[in-house]
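Engineer: Take this structure, written in structure tokens, and hold onto it; I'll ask about it next.
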Amino acid sequence: MASAQLTIRKIVGIIGNAIALCLFLSPTPTFRRIVKKKSVEEYSPIPYLATLINCLVWVLYGLPMVHPDSTLVVTINGAGILIEVVFITIFFVFSGRPKQRLVIAAVLAGETLFVAILAVLVFTLQHTTTERTMSVGIVCCVFNVMMYASPLSVMKMVIRTKSVEFMPFWLSLAAFLNAGVWTVYALMPLDPFIAIPNGIGCIFGLAQLILYAAYYKSTKKMMAERQPMIGLSSAVVRIGSEKVAQPSS
């Protein structure tokens, strides 16, 4: 029975890895738009910075000398670190606000320093995997909840503007599915450090999907109304340029 449970857990973990990879890659269309427009517009770097620190502490948690038999946790979060570094670099390059760039750089430095200090303290002051699992697990819980809660600022903007234009649907869906699968994984056997934050993540992900469904039609209407205005502005600029180019008689 125990062997069967571990096999099922491994299968769920592999599925969780696949969905988590989709979660990490889901903002790709957003970053294509950023590169194409050479501007981050109203997008926020907070979700990507929160995801990066989350991946960093989970890689630490999954190391054999901290929490044995957690290879799947290490592999997916290691991939997540690489993906988030690419996204944050793109965000940094195309952010036209020096203050925002400074904040991103400061947060990155703070996250790196925090994980380094945590690793040194855990490996020097604690000498059993049980102690290390407890310490790092609590930290992981906190940052995992922060990652899932990071879109709250975007959700507030959605409610205020009645538009989901800057809340990517695929990111919300992937977050919900990812949290659900890892919650199931954490119940076979029970791992509260994975189960608790991912259970909370399910609630946040579901809230985002409900908002998306509530404001999808109003967003399409607002974007459709904006198109004629954009076209008119372009026409005015073009006519003005033509007049300037005409030689005076």
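The values are calculated or read from the model by the stated rules, or taken from the named source; none is laboratory data. Small disclaimer: the values here were computed from a predicted structure and weren't measured. Neighbour counts are summed over all protein chains in view; Cβ atoms, including those assigned to glycine, are modelled from backbone coordinates with ideal geometry. Accessible surface areas use protein heavy atoms only, side chains included; no ligands, DNA or RNA. Shrake-Rupley method; radii C 1.70, N 1.55, O 1.52, S 1.80 Å.
Engineer: For the structure I just gave you, tell me whether E131 is modelled with pLDDT of 90 or more, touching a Leu at 6+ places or on another chain (Cβ under 8 Å) and either open to solvent by 80 Å² or more (accessible area, probe 1.4 Å) or not hydrophobic (A, V, I, L, M, F, W, C) (or both).
Structural biologist: Spelling it out, it is not the case that E131 is modelled with pLDDT of 90 or more, touching a Leu at 6+ places or on another chain (Cβ under 8 Å) and either open to solvent by 80 Å² or more (accessible area, probe 1.4 Å) or not hydrophobic (A, V, I, L, M, F, W, C) (or both).
Engineer: For the stretch 155-165, which positions are closer than 14 Å to A213 by Cα and either surrounded by 21 or more Cβ atoms within 10 Å (Cβ to Cβ) or of a type outside the set (S, T, Y) (or both)?
Structural biologist: Within the stretch 155-165, M155, V158, I159, K162, V164, E165 meet the criteria.
Engineer: Restricting the stretch 7-32 to residues that are exposed (fewer than 15 other Cβ atoms within 10 Å of the Cβ) and free of Cβ contacts under 8 Å to residues at least 12 places away in the same chain, which is nearest to I88 (Cα to Cα)?
Structural biologist: R32
Engineer: Cβ-Cβ under 9 Å, sequence separation 6+ or interchain: first residue in the stretch 201-215 and free of Cβ contacts under 8 Å to residues at least 40 places away in the same chain and β-branched (V, I, T), partner open to solvent by less than 30 Å² (accessible area, probe 1.4 Å) and assigned to a helix (DSSP H, G or I). Which pairs?
Structural biologist: Pairs that qualify, where the first residue is free of Cβ contacts under 8 Å to residues at least 40 places away in the same chain and β-branched (V, I, T) and the partner is open to solvent by less than 30 Å² (accessible area, probe 1.4 Å) and assigned to a helix (DSSP H, G or I), are I203/Y148; I203/A179.
Engineer: Taking the stretch 67-91 on its own, how many of its residues are aliphatic (A, V, I, L, M) and surrounded by 22 or more Cβ atoms within 10 Å (Cβ to Cβ)?
Structural biologist: Counting residues in the stretch 67-91 that are aliphatic (A, V, I, L, M) and surrounded by 22 or more Cβ atoms within 10 Å (Cβ to Cβ) gives 2.
Engineer: Can you confirm whether the stretch 190-208 contains a residue that is touching a helix residue (DSSP H, G or I) at 6+ places or on another chain (Cβ under 8 Å), modelled with pLDDT under 80 and aliphatic (A, V, I, L, M)?
Structural biologist: No: zero hits.
Engineer: Does the stretch 108-128 hold any residues that are open to solvent by 50 Å² or more (accessible area, probe 1.4 Å) and in contact with a Leu (Cβ under 9 Å, 6 or more places away or on another chain), and which are they?
Structural biologist: Selection gives L108, T112, F114.
Engineer: Just to confirm my filter: which helices (runs of 4 or more DSSP H) fall fully inside the stretch 1-107 and include at least 3 residues that are under 18 Å from V181 (Cβ atoms)?
Structural biologist: 2-25, 46-62, 71-94
Engineer: Would you confirm whether any residue within the stretch 112-128 is in contact with a Phe, Trp or Tyr (Cβ under 9 Å, 6 or more places away or on another chain) and at pLDDT 90 or above? Before the answer, list the steps.
Structural biologist: Taking the stretch 112-128 and keeping what is in contact with a Phe, Trp or Tyr (Cβ under 9 Å, 6 or more places away or on another chain), we get none.
Among the residues of the stretch 112-128, not one is in contact with a Phe, Trp or Tyr (Cβ under 9 Å, 6 or more places away or on another chain) and at pLDDT 90 or above, which makes the answer no.
Engineer: Filter the stretch 33-62 for residues that are open to solvent by less than 20 Å² (accessible area, probe 1.4 Å) and of a type in the set (A, V, I, L, M); which is nearest to V145 (Cα to Cα)?
Structural biologist: Going through the qualifying residues, I end up with A50.
Engineer: Name, by its number, the condition in (1) aliphatic (A, V, I, L, M); (2) over 14 Å from the mean Cα position of the chain (by Cα); (3) in a helix (DSSP H, G or I) that does not hold for L177.
Structural biologist: The number of the failed condition is (2).
Engineer: So which of S163, S218 ends up being more than 16 Å from the chain's Cα centre (by Cα), in contact (Cβ under 8 Å) with a residue 24 or more places away in the chain and not in a helix (DSSP H, G or I)?
Structural biologist: Criteria check complete, one pass: S163.
Engineer: Next up: Regarding the stretch 144-154, can at least one residue be identified that is in a loop (DSSP other than H, G, I, E, B), within 22 Å of I196 (Cα to Cα) and open to solvent by 70 Å² or more (accessible area, probe 1.4 Å)? Give the derivation first.
Structural biologist: Taking the stretch 144-154 first, the residues in a loop (DSSP other than H, G, I, E, B) are 150-151.
Those left that are additionally within 22 Å of I196 (Cα to Cα): 150-151.
Checking the rest, the ones that are also open to solvent by 70 Å² or more (accessible area, probe 1.4 Å) come to none.
No, because not a single residue in the stretch 144-154 is in a loop (DSSP other than H, G, I, E, B), within 22 Å of I196 (Cα to Cα) and open to solvent by 70 Å² or more (accessible area, probe 1.4 Å).
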